[in-house]
Amino acid sequence: MHARSAFRIGVVGAAAAMALSAGLTPAYAADLGDAGVAELGSVTVQGANPSSSGPIIPCNVNEQVAASTPGVSYPGVSFGIGSTACNKDADGNANIKVTGNKFELNLFNKSEYGRRLIRVKTFEATCKSTENSTQAGFKLGGYSGFTLPNPVPQNHVVLVPGKTGMPPVAKIMVNKVETDQGAIAMTAMHITLDPDDGYGAIGGTITVGATACAPTW
């Protein structure tokens, strides 16, 4: 797969009247009664070198309102400098933002997988709420190892091919959006490792840039 370097932006809103039952991502949506939360991402990898990060530098408007990291690495996965900010104004309206740099997935950068290397130079996810609505957005800049349309539709899926004749090594969902009764959750990238279970014990999920917020009510 030829690398592409580009910049992609997406914005989506959820009116308070919405009542979709898709179910919000558990990593940060369990507390959607709060005005807003964010995390740089999370890593869960199974295989010869398993790892599990939990939420990376999470923030919450009602608890820790900001967090940062100079970078963090796990076997086959790394994040560069990143920060999260969970702010709210006097009316309780949330302004949530996560920014990150130099995400890399090199777990499959080996001959048996076709040497697939996923990189994103910069990423961002946001979530804002008012009394009657929520709005979320994302940005990806300088990505390589996969391609995207412009604009990127909600829940857009990209398969990263494996070695010739082998199943894909990863499934990337970009601009992942989940809504529930006006609340909205945004994940810039949600990566499923070995989605077709074609490589034995390896597997897991990785999230990159996640936010969620609910109407002020």
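The values are calculated or read from the model by the stated rules, or taken from the named source; none is laboratory data. All of these numbers come straight from a predicted model, not from anything done at the bench. Every residue, glycine among them, receives a Cβ derived from its backbone with ideal geometry; neighbour counts consider all protein chains shown. Note: accessible area is taken over every heavy atom of the protein model, side chains too, but ligands, DNA and RNA are not part of it. Shrake-Rupley method; radii C 1.70, N 1.55, O 1.52, S 1.80 Å.
Below are the figures for this structure:
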{"read-out": "When the stretch 162-206 is reduced to its Cα atoms, the Kirkwood hydrodynamic radius in Å", "value": "12.0 Å"}
{"read-out": "Whole-percent carbon and sulfur share, accessible surface of the stretch 98-168, 1.4 Å", "value": "46 percent"}
{"read-out": "When the stretch 107-217 is reduced to its Cα atoms, the Kirkwood hydrodynamic radius in Å", "value": "15.1 Å"}
{"read-out": "Extension gain (nm, one decimal) between Asp89 and Gln135, 0.36 nm per residue minus Cα-Cα", "value": "15.0 nm"}
{"read-out": "Sorted peptide list for 176-185, 194-203, criterion being average Cβ within 10 angstrom, highest first", "value": "176-185, 194-203"}
{"read-out": "Eligible lysines near Lys88 by straight Cα distance, threshold 27 Å, same-chain separation 8 or greater", "value": "Lys97, Lys128, Lys139, Lys176"}
{"read-out": "Label-to-label distance, nm, for residues given as Ser111 and Val65 (7 Å Cα→Cβ offset)", "value": "5.5 nm"}
{"read-out": "Integer Hz, Karplus 6.51/-1.76/1.60 couplings in order for the stretch 48-64, x for Gly and Pro", "value": "5, 10, x, 8, 8, 8, x, x, 8, 6, x, 9, 8, 4, 9, 9, 7"}
